[in-house]
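Below: the structure, in structure tokens.
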Amino acid sequence: MPVWTLLVWLAIGAGAGFVAQKIMGGQSPGGLLGDLVLGIIGALVGGYGLSLLGIAGNGGIIATFIVAVVGAMALIWIVRKLNKA
């Protein structure tokens with residue numbers, strides 16, 4: 001994988017984490033840095049989850065961003081539930 005591809009993935013994931021936090025509202029589990037990290041991890045988890053469902057990941061940057069936002073939202077929700085326990 002070329003370095004620029006990794007950088008684009010990181011940028012998309014970070015942006016997705018920021019957007020996911022704004023959509024979900026409430027208290028951020030880890031501040032801005034936590035949102036960015038959850039977005040990057042959410043992008044990976046969301047992409048992997050869709051590949052398990054048989055949905056190919058060749059939809060372009062917009063589709064990748066949407067998947068990353070959904071993955072980040074799921075992770076933010078999980079982190080919030082774990083912090084309440």
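Nothing in this text is a laboratory measurement; each read-out follows from the coordinates by a stated rule. Values in this document were obtained by computation on a predicted structure and should not be read as measured data. Using ideal geometry, Cβ is built from the backbone for each residue, glycine included, and neighbour counts are taken over all protein chains shown.
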Excluding Ala14 itself, what net charge comes from residues whose Cβ is under 15 Å from its Cβ, given Lys and Arg +1 and Asp and Glu -1? 0
Can you put Ile41, Ile12, Ile76, Ile23 in order, fewest other beta carbons within 10 Å first? Ile23, Ile41, Ile12, Ile76
Once you order the gyration tensor axes a ≥ b ≥ c over the Cα atoms, which shape class does segment 31-85 get: rounded for a/c under 1.5, otherwise prolate or oblate by comparing a/b with b/c? oblate
Under the span-like rule (Cα at least 20 Å along the axis, Kyte-Doolittle mean at least 1.6), DSSP H helices of the chain: 31-52, 60-84
Would you mind calculating the relative contact order of the chain from Cα pairs under 8 angstrom and at least 6 residues apart, reporting the percent as a whole number? 36 percent
Taking R0 as 22 Å, what FRET efficiency do you get between Leu52 and Ile78 from their Cβ-Cβ distance, rounded to the nearest 0.05? 0.80
Ascending count of other beta-carbon atoms within 10 Å, so fewest first, for Leu44, Leu75: Leu44, Leu75
Order of Lys84, Lys22 under a 10 Å beta carbon neighbour criterion, fewest first: Lys84, Lys22
By the scheme Lys and Arg +1, Asp and Glu -1, what is the net charge of all other residues having a beta-carbon under 12 Å from that of Gln27? +1
Helical contribution to [θ] at 222 nm, DSSP H n ≥ 4, -39,500 (n - 2.57), averaged over the chain, rounded to 500: -28500 deg cm²/dmol
Stretch gain in nm, segment Leu6-Leu33, where the contour uses 0.36 nm per residue and the Cα spacing is subtracted: 7.9 nm
